[in-house]
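The values are calculated or read from the model by the stated rules, or taken from the named source; none is laboratory data. Quick caveat, the model's predicted, so the values are computed rather than measured. Every residue, glycine among them, receives a Cβ derived from its backbone with ideal geometry; neighbour counts consider all protein chains shown.
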Amino acid sequence: MTMLSFLLVALNGIAQPPQFNIKRHDIDYYNGRILVDYRVVLDVSAILLKQRLNDFEKFSALSPLIKKSTLKVVNNKQQITQVLRPCLLGVCYSLIKNQIITHNDKGATIATVIPEQGHFESGYEEWFVESVNDTTILHYRADLTPDFVVPPIIGPMLIRKIIHQELSEIAVNLIES
């Protein structure tokens with residue numbers, strides 16, 4: 001057995017990468033809107049995944065982009081406020097996203113933007129956890145209209161890159177947390 005073979009066998013038992021398989025990752029910036037349709041199979045139970053996704057105050061542990069996440073009840077509605085810190089070409093920005101949280105009869109969580117309270121004019125995010133055979137599938141969709149300038153040409157490309165990286169990091173952190 002060569003030294004390389006020995007190391008690979010030894011490391012295989014120590015450092016297993018988190019198991020997830022991206023099935024769909026459509027991310028676009030079109031007509032001033034950020035559109036996302038993301039589906040990923042995760043190696044974590046559906047019950048545990050739902051708990052993690054509905055623990056809104058711990059969202060910052062799932063994503064380095066989310067610097068702070070707070071949940072409060074306003075007029076008998078759950079409201080989540082997130083402070084986001086995206087960086088584009090070495091320049092970082094602080095963005096606020098305020099949303100009302102609801103759940104539909106299919107079990108999906110829907111976060112609808114409160115336009116006058118942040119850096120997004122309108123939109124929603126929706127996530128749904130599905131258990132199929134022995135796998136757990138996370139469906140995430142978003143349609144967000146930013147209330148900040150997105151530079152033409154390079155802006156949409158950077159938005160796609162940042163969102164793709166964030167969704168992959170979140171998938172890893174949902175498994176490991």
Q.
Looking at the structure I just gave you, is Y38 crowded, with 18+ Cβ neighbours inside 10 Å and either in contact with a strand residue (DSSP E or B) (Cβ under 7 Å, 6 or more places away or on another chain) or not in a strand (DSSP E or B) (or both)?
A. yes
Q | Single residue of K58, K72, K23, K67 found to be within 23 Å of K106 (Cβ to Cβ) and of a type in the set (K, R) | A | K23
(Q) Exactly one of these conditions fails for E125: (1) among the charged types (D, E, K, R); (2) more than 17 Å from the chain's Cα centre (by Cα); (3) closer than 20 Å to D37 by Cβ. Give me its number. (A) (2)
Q | Residues of segment 37-51 that turn out to be farther than 16 Å from E166 by Cβ and either under 17 Å from the mean Cα position of the chain (by Cα) or modelled with pLDDT of 95 or more (or both), as a count | A | 8
Q. Has segment 117-126 got at least one residue that is in contact with an Asp or Glu (Cβ under 7 Å, 6 or more places away or on another chain), among the hydroxyl-bearing types (S, T, Y) and in a strand (DSSP E or B)?
A. yes
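Just the residues that are assigned to a loop (DSSP other than H, G, I, E, B), surrounded by 13 or more Cβ atoms within 10 Å (Cβ to Cβ) and among the aliphatic types (A, V, I, L, M), please, taken from segment 56-92.
So the first thing to find is which residues in segment 56-92 are assigned to a loop (DSSP other than H, G, I, E, B), and the list is 63-65, 75-76, 85-86, 89-90.
Then drop every residue that is not surrounded by 13 or more Cβ atoms within 10 Å (Cβ to Cβ), which leaves 63-65, 85-86.
Once the filter is applied, which keeps residues that are assigned to a loop (DSSP other than H, G, I, E, B), surrounded by 13 or more Cβ atoms within 10 Å (Cβ to Cβ) and among the aliphatic types (A, V, I, L, M), segment 56-92 yields only L65.
Kindly evaluate I110 against the criterion of being aliphatic (A, V, I, L, M), free of Cβ contacts under 8 Å to residues at least 40 places away in the same chain and assigned to a strand (DSSP E or B).
Values: aliphatic (A, V, I, L, M): yes; free of Cβ contacts under 8 Å to residues at least 40 places away in the same chain: yes; assigned to a strand (DSSP E or B): yes.
It is true that I110 is aliphatic (A, V, I, L, M), free of Cβ contacts under 8 Å to residues at least 40 places away in the same chain and assigned to a strand (DSSP E or B).
Among what's in segment 156-177 and is surrounded by 15 or more Cβ atoms within 10 Å (Cβ to Cβ) and of a type in the set (G, A, S), pick the residue that is farthest from H25 (Cα to Cα).
Residues of segment 156-177 surrounded by 15 or more Cβ atoms within 10 Å (Cβ to Cβ): 156, 158-160, 162-164, 166-168, 170-175.
After this cut, where a residue has to be of a type in the set (G, A, S) as well, the list is 168, 171.
Values: S168: 10, A171: 12 Å.
Of everything passing the filter in segment 156-177, A171 is farthest from H25 (Cα to Cα).
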